[in-house]
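Reviewing the structure listed below.
None of the figures in this text is laboratory data; all of them are computed from the coordinates on show. Source: prediction; values computed, not measured. Here Cβ is always computed from backbone atoms with ideal geometry, including for glycine, and neighbour counts include all displayed protein chains.
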Amino acid sequence: MVDFERARAHMVESQLRAGGVTDASILARMRAVPREEFVAAGRRDVAYVDDIQWLGRRFMAAPATLGKLLMLAEIKPGDSVLDIGAATGYSTAVMAGLAATATGLEPDATLAAAAAANLATLHLGNAQIVVGDIDRLGNARFDVVVVQGALDSVPDAFLALLNEGGRLVALVRNGAVSVAHLYVRSARGVTARAEFNAFLPPLAQPKDEEFVF
C-alpha cells in the first residue's frame with residue numbers, strides 16, 4: 001500500500017523544488033492537498049508520478065507544471081481566482097489554500113460533480129465549481145485566471161474576466177512547443193510576456209464539444 005503522505009513529501013522535493021518551484025506557500029499547499037483523491041480510482045497508487053493524469057478526455061497537470069504556473073500567477077491571500085478546466089478539482093483545491101476564493105470551471109458535468117464532492121470532502125468553504133463554459137460566470141471578474149490546458153491563443157473572453165491588475169496564466173502553443181504566458185490587465189489594456197516552455201494537452205480535446213470559448 002502506498003504511503004500517500006510520504007509520496008506527497010517526495011513530490012514536493014523531487015518534482016516541485018527540483019523543477020524550480022520555490023514559493024513556500026505553493027509548496028506547503030501542494031504538500032497538504034491529497035492528490036490521490038482526485039485521480040481515477042484505479043490510479044491512486046500512481047497519483048504522484050511526474051506526469052499528467054488522464055480523466056477521460058480531461059486531465060490533471062503534472063505537479064511541477066501546475067506549481068510553476070501558480071508561481072507565475074503570484075496568487076495573493078486576498079485574490080479571487082478562476083480555474084478554467086478544473087476537471088476533478090485538484091488545481092482548484094490547491095488554489096483555494098492560496099487565495100480568498102477559488103472558482104473551478106468545468107464543462108464536463110460528471111467531472112464537475114466529482115470536483116464539487118472532492119472540495120466538500122476537504123471542507124473548502126471558499127471554493128466552488130461552476131458547470132459549463134464562461135457564459136455561466138455572468139458578470140463575475142477575477143484577480144487571477146489559470147487555464148488548465150494549452151491554447152492556440154488566449155480568447156478575448158478569457159482576458160475580459162480579469163479585474164484591473166489581474167493576471168492570467170496559460171500555455172500558448174507555438175508549433176510543437178507550448179510556452180507559459182503571463183497576461184496582466186491595467187488601465188491601459190492587457191500586456192503579455194512569455195516565460196517558460198511547458199507541456200499540457202489542449203484545453204479542448206478532440207470530440208469534446210462542451211468547451212465554448
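Rank these for me by crowding, Lys68, Lys76, going from fewest to most other beta carbons within 10 Å.
Lys76, Lys68
One-quarter of the Cα convex hull surface for the range 69-148, in nm²?
It is 4.5 nm².
Using +1 on the beta carbon of Lys and Arg, -1 on that of Asp and Glu, and nothing else charged, what's the dipole of the chain about the Cα centre, debye to 20?
340
Order of 189-202, 35-48, 77-90 by packing, highest average Cβ count within 10 Å first?
In descending order of packing, they fall as 77-90, 35-48, 189-202.
Report ³J(HN,Hα) in whole Hz for each residue of the range 29-42, in order, from the Karplus equation J = 6.51 cos²θ - 1.76 cosθ + 1.60 where θ = phi - 60°; Gly and Pro get x.
5, 6, 6, 8, 7, x, 4, 4, 6, 10, 8, 4, 3, x
Per residue of the chain, what 222 nm ellipticity follows from adding -39500 (n - 2.57) for every DSSP H run with n ≥ 4, rounded to the nearest 500?
Taken over the chain, the calculation gives -7000 deg cm²/dmol.
Can you list the residues of the range 30-62 with backbone N under 15 Å from a point 7 Å past the Cα of Ser14, pointing along Cα to Cβ?
45-51
What do you get when you divide the Cα radius of gyration of the range 4-198 by 2.2 N^0.38 Å, with N the number of residues?
0.95
Of the listed peptides 137-148, 105-116, what is their order by residue-averaged count of other C-beta atoms within 10 Å, with the highest listed first?
105-116, 137-148
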